[in-house]
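Here the structure is laid out as structure tokens; the discussion comes afterwards.
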Amino acid sequence: MMWPFGGAGKPGKWAAKRGDQPRVPDDEGQGPVCDDKYRLLFENASEAFMVLDPATLKIEEANAAVYRMLGYSRGELRGKPIHEIFPEENSYIESVRVGTAAGAYVCRIMKKDGSRGIGEVVTVYSEDSGSRKIVMSVRDAAERVSIETKMIQLNNLFASLGPDFKANIDMLTKACGEIMGGTCAIYNRLRDGMLYSLGVWNVPSGHKVMDDPQGHMCFDVIKKREKGRPYIVKDLEKSSYCKSDPNVKRYGLRTYIGYPVFSGEECVGSLCVVYDKDVEFTDLDIYFLSIMAMAINREEDRTKSADALKESEEAYRILVESANHPIAKINREGKFLFMNSFAAGM
């Protein structure tokens, strides 16, 4: 076949579509290649490339990255219709066929084992010496799409927060569990020497909303007072918490991650997510957890300020009522809006 490259090893227009180094589509080792060094570059490229027959939209060539991404063995993709790789993208495939596909397109990909992935596809067209080919490059977009989805979820969450402290805590805890993909999520708060579960999501029946803090993982997060640092415990069934925290054995917990929550300079609680499986956390996981913990920080500070204001108002009211001289508030029309007991008795 004719590769989509110009003569003398010069890349065609499609090769620089994303600003990458020129790559030549590779086959299973057959077919003429304009330059061996371009074949080597292509075969070792991290990005997946496929070359399609424009008449049938069947795969003619594919590099090693395609096989890794889709889980096929070498040679199994030759002659496969592209709609079997993108079974849910009929509109896009039609645009590829008629030559109107432009720019990057995010779509679902069918792998050999039937699982789905998310890819960013760029389709370009190449003609050389009268031979027209379609070249597709595919990048794994699952992580980027996941991040964008979580950011949208967080933005919607923050926009829906209202004046009710408890309702906000419940929404933040629920979002934390969902975004982190946990078995359950809890916001535990230390108050009057006891550990209270102020916010819970997907907790099993029988969960204690108030308990002695000693031995609990969340209590250790609070005691550590480490701002900006998560507390992660793996292999819980082998840790000391298996004995000190009854929830570990009771619910078969395997992994814990908790993030400290502060009110002012005082560490008052822990936002935690627990799992009944082994989990490796990424920097992004910790970033999202920290955002939600900081949102609870703000809720704690806001409530503390509101409580302080109420206490101040109450103290002022008592002072005014107990004064041994008349105090009154009168509007512009001369009507009394308030008077203390001394003034009322005059």
request  = Give just the number: which of (1) within 29 Å of the chain's Cα centre (by Cα); (2) small (Gly, Ala, Ser); (3) loosely packed, with under 12 Cβ neighbours inside 10 Å; (4) within 24 Å of Arg39 (Cα to Cα) does Gly114 not satisfy?
outcome  = (4)
ask   = So which residues in the range 205-214 are modelled with pLDDT under 90 and either surrounded by 14 or more Cβ atoms within 10 Å (Cβ to Cβ) or among the aromatic types (Phe, Trp, Tyr) (or both), if there are any at all?
value = His207
message = under 18 Å from Thr183 (Cα atoms), of a type outside the set (Asp, Glu) and either outside any strand (DSSP E or B) or touching a Cys at 6+ places or on another chain (Cβ under 6 Å) (or both): which single residue out of Lys243, Lys223, Lys249, Lys227 fits that description?
response = Lys249
message = Of everything in the range 46-56, what is among the small types (Gly, Ala, Ser), within 28 Å of the chain's Cα centre (by Cα) and assigned to a loop (DSSP other than H, G, I, E, B)? Give them in sequence order.
response = Ser46
message = Against the definition (surrounded by fewer than 21 Cβ atoms within 10 Å (Cβ to Cβ), without any contact (Cβ under 8 Å) to a residue 12 or more places away in the chain and in contact with a helix residue (DSSP H, G or I) (Cβ under 6 Å, 6 or more places away or on another chain)), how does Cys242 come out, yes or no?
response = yes
inquiry  = Kindly evaluate Asp211 against the criterion of being closer than 28 Å to Glu265 by Cα and of a type outside the set (Lys, Arg).
reply    = yes
task = Could you list, in sequence order, all residues of the range 68-87 that are in a loop (DSSP other than H, G, I, E, B) and either exposed (fewer than 12 other Cβ atoms within 10 Å of the Cβ) or in contact (Cβ under 8 Å) with a residue 60 or more places away in the chain (or both)?
result = Ser73, Gly79
ask   = Just a yes or no: is a residue in the range 171-178 more than 21 Å from Val279 (Cβ to Cβ) and assigned to a helix (DSSP H, G or I)?
value = yes
inquiry  = Just to be sure I understand, how many residues within the range 168-184 are over 13 Å from Ala295 (Cα atoms) and more than 14 Å from the chain's Cα centre (by Cα)?
reply    = 2
task = Of the conditions (1) buried (at least 19 other Cβ atoms within 10 Å of the Cβ); (2) of a type outside the set (Gly, Ala, Ser); (3) in a helix (DSSP H, G or I); (4) in contact with a strand residue (DSSP E or B) (Cβ under 6 Å, 6 or more places away or on another chain), Met136 clears all except one; give me its number.
result = (3)
task = Inspect all residues belonging to the range 203-217 and state whether any of them is touching a residue at least 40 places away in the same chain (Cβ under 8 Å), over 19 Å from the mean Cα position of the chain (by Cα) and within 22 Å of Ala295 (Cβ to Cβ).
result = yes
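Considering only the range 89-107, how many residues are assigned to a helix (DSSP H, G or I) and among the hydroxyl-bearing types (Ser, Thr, Tyr)?
3
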task = Identify the single condition in (1) of a type in the set (D, E, K, R); (2) modelled with pLDDT under 90; (3) in contact with a Leu (Cβ under 8 Å, 6 or more places away or on another chain) that Lys111 does not satisfy, given that it satisfies every other one.
result = (2)
task = Examine the range 117-131 for a residue that is part of a loop (DSSP other than H, G, I, E, B) and at pLDDT below 90, and state whether such a residue exists.
result = yes
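The values are calculated or read from the model by the stated rules, or taken from the named source; none is laboratory data. Here the structure is a predicted model, which means the values were calculated and not measured. Cβ coordinates were reconstructed from backbone atoms using ideal geometry, including for glycine residues, and neighbour counts include every protein chain displayed.
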